[in-house]
1. In region 221-372, if every C-alpha pair distance is counted and binned at 10 Å from zero, what percent goes to each bin?
2. Can you list the HN-Hα couplings for region 300-309, worked out from phi with the Karplus curve (6.51, -1.76, 1.60; θ = phi - 60°), rounded to whole Hz and with x for Gly and Pro?
3. Among 209, 199, 223, whose Cα projects farthest towards the positive end of the dipole of region 184-239, with charges put on the beta-carbon of Lys, Arg (+1) and Asp, Glu (-1)?
4. Points 7 angstrom from Cα along the Cβ direction at residue 55 and residue 312: gap in nanometres?
5. What are the ³J(HN,Hα) values, in whole Hz, obtained from phi via the Karplus relation 6.51 cos²θ - 1.76 cosθ + 1.60 with θ = phi - 60°, for each residue of region 74-81 in sequence order, with x given for Gly and Pro?
6. About the Cα centre of the chain, what is the dipole size in debye to 20, counting +1 per Lys and Arg Cβ and -1 per Asp and Glu Cβ, all else neutral?
7. What FRET efficiency would be calculated for the residue pair residue 166, residue 133, taking the C-beta separation as r and a Förster radius of 25 Å, to the nearest 0.05?
8. With the crude spin-label approximation of a point 7 Å out along Cα→Cβ, what separation in nm comes out for residue 371 versus residue 209?
Amino acid sequence: MKKIGITCYPSVGGSGIVATELGKFLAKQGHEIHFITSSVPFRLNNFFSNIYFHEVEVNHYPVFQYAPYDLALANKMAEVIDTEELDILHVHYAMPHAICAILAKQMATKDVKIVTTLHGTDITVLGIDKSLKKMIKYGIEQSDAVTAVSNSLVKQTKEMLAVEKEMKVVYNFVDTSEYYYQPSEALKKEYNIQSNEKVIVHISNFRKVKRIQDVIYAFRKINEKIPAKLLLIGDGPEYSEMHQLVHTLHLEDHVLFLGKQSNIAALFSIADLKLLPSEKESFGLVLIEAMACGVPCIGTNVGGIPEVIEHNNNGFIVELGDVEDMAAKAISLLGDDKRWQAFSKQAITHVENHFHAEHIVEAYQQIYDELL
Ligand code: GMT
């Protein structure tokens with residue numbers, strides 16, 4: 001049994017989901033888990049007697065122009081390392097978590113090993129920012145072990161930050177006891193989806209990099225050939241602009257904005273196709289969540305997406321911005337039931353073989369063992 005601290009962004013987001021699910025799986029295997037975060041991670045919904053939550057409290061003293069969250073986090077990490085005698089502190093997202101962890105290690109009395117997992121935007125977006133670049137590189141190089149969620153992210157990190165440190169690829173995972181095909185005609189009825197209609201789905205945090213306009217334009221073309229509904233799930237900065245686009249294209253009767261939803265597996269189970277036309281995506285956790293529920297996916301030839309979707313086997317890879325191709329591939333798959341069934345089955349098998357929670361959690365445990 002090990003004592004493992006985990007820090008992540010606790011609100012909705014792939015990195016927070018992966019970190020929380022990892023903590024839950026490690027706890028099930030008997031490890032003692034200490035989440036050190038600004039609030040309770042949103043996926044930490046069940047009770048576990050061996051999972052503890054340590055809240056980072058920030059001092060809002062009026063002299064501080066900016067409340068020093070990062071320093072408060074480092075201080076809390078050091079406190080927890082010593083009082084709980086942590087063996088490992090596993091931080092998800094380099095900025096600022098890796099840097100805080102290194103500072104905490106220096107402050108603490110108990111020796112602890114720092115594992116940093118890179119999730120994507122910490123490198124592909126923040127790594128470009130001159131005001132943070134040196135610090136991100138430092139955080140990576142000073143960690144005892146570094147993992148990244150795709151080969152593409154390792155390559156990008158090396159290129160952008162000139163990092164020499166070994167970075168192991170540990171893919172993201174999905175809990176297949178939660179994400180599996182669970183059909184519901186009642187749910188289709190609730191959304192007024194007719195029996196002849198196909199269901200296309202997109203889930204994201206509605207940021208510009210997700211290119212939701214490509215989903216909508218592709219959907220318009222699909223809907224011209226095949227009766228369909230588009231479920232747009234999530235919320236974020238692009239929400240109202242996308243609403244406006246749907247209105248301008250007169251697609252209101254076909255596009256449903258569902259906002260943030262918790263029962264994603266049930267929604268995937270009524271879907272026939274998932275679209276992810278992102279311009280940046282280190283992995284695309286939603287892809288494996290969809291595939292686990294038997295939903296074929298179409299994604300762009302960007303970042304880690306081609307490591308997740310097997311072109312022509314459980315989905316398709318298209319070039320960034322090629323809405324025509326995305327729509328054509330969707331129409332051909334949705335119009336060929338036999339091929340769709342094969343893709344759907346292959347999607348489930350692909351997840352079982354490559355992104356199964358048990359195997360990935362085991363890979364992280366091996367990294368911890370090597371360090372101790
Ligand atoms: O996609 C986002 O904008 C959220 C971001 C995050 O920090 O949670 O997701 C990143 O990490 C996920 C978990 O590893 C990956 O599945 C996403 O691909 C990655 N997002 C990007 O690279 C844009």
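1. Histogram of Cα-Cα distances, whole percents per bin: 10, 35, 37, 13, 4, 1.
2. Each residue's phi maps through the Karplus curve to give 8, 7, 9, x, x, 4, x, 7, 9, 8 Hz.
3. 209
4. Between residue 55 and residue 312, the simple spin-label model gives 5.5 nm.
5. Residue by residue, region 74-81 yields 4, 4, 5, 4, 4, 4, 5, 4 Hz.
6. It works out to roughly 400 debye.
7. 0.80
8. The two pseudo-label positions are separated by 2.4 nm.
Each value in this text was obtained by applying a stated rule to the coordinates, not by laboratory testing. Please read these numbers as outputs of a predicted model, since none were measured by experiment. For neighbour counting, all protein chains shown are included, and Cβ atoms are generated from backbone atoms with ideal geometry for every residue, glycine included.
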